[in-house]
Amino acid sequence: MTRHQKRLAVPNSWPVERKTDTFTVKAGAGPHGEAGVPLVVLLRDVLGYVDSTKEARYALNNDSVLVNGDAISDEQRPIGMFDILAFPERGEFFRVFPDEGGRLALTPVDEAAAGSRLGKITNKAVVPGGAVQLTLHDGTNVRVDADTPYDTKDSIVIDNESKDVVAHFEYGEGALVTAVAGQHAGRIGDVDDIDVTLGSGSNTVTVGDDGDGYETVEEYLVVIDENFTDDDAEEAGDSDE
């Protein structure tokens, strides 16, 4: 199986130039499905920390790159929305977050914010033994007690070290959300209204923000908290000073 793919065919969310070269690295098996960006692309094309795949492998073999708190050795490991990318030796930490063009971007965060990651609950099921299994947007499965209040469309925050759920944000009117796909990707605001569509169609959500607000389908929204605003970048910049 080939380890490359044509740049023109990569998902729109990938932060790569499509006409500079013919091919780019193909993402390996892992979280985020086809939307996941190979780690080497972020290291080489976005951050500029390495010049080649060979250099990326060397850095990864020295456990100098952490994804969600775990050292990664596979340069093709898919990286996607809300993942935490950490470089402890450099004192640099980033959260993967969609920009207003829909591309995945690296937002600087401080070390404390890099200790956990957010996940949107896409499925909830009872498993043998009576526990409840939550499936997150990146394919991660998390088991919780049966009496916990989590539901699909809600978001939870998982500690990168203990893997425990440390925060829960409910989806509904008044919730702070960000659009992660569609023409409004990257915009943050509060849910003003949810127009429920009968049948199999998607619910339409009206979101109010600093501008005129926008409408989008429910599937494009993820509940977040105030730590996902621009304050993260400002705090990281202050700590560097």
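The values are calculated or read from the model by the stated rules, or taken from the named source; none is laboratory data. Keep in mind that what you see is a predicted model, and the values were worked out from it rather than measured. Note: ideal-geometry Cβ built from the backbone for every residue, glycine included; neighbour counts use all protein chains shown. The accessibility values were calculated without ligands, DNA or RNA, using every heavy atom of the protein model including side chains. Shrake-Rupley method; radii C 1.70, N 1.55, O 1.52, S 1.80 Å.
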Per-pair calculated FRET efficiency, R0 = 22 Å: E219 and D195 via Cβ, rounded to 0.05: 0.95
For the range 57-206, accessible area per residue (1.4 Å probe, heavy atoms of protein chains only), Å²: 48 Å²
Translational diffusion coefficient (Stokes-Einstein; Kirkwood radius from C-alpha pairs) of the range 150-195 at 37 °C, 0.692 mPa s, in µm²/s: 270 µm²/s
Environment charge of E219, counting only residues whose C-beta is closer than 11 Å and scoring Lys/Arg +1, Asp/Glu -1: +1
Gyration tensor verdict on the range 85-130 (Cα atoms; rounded if a/c is under 1.5, prolate if a/b is larger than b/c, oblate otherwise): oblate
Environment charge at R57 (Cβ cut-off 11 Å; Lys +1, Arg +1, Asp -1, Glu -1): -2
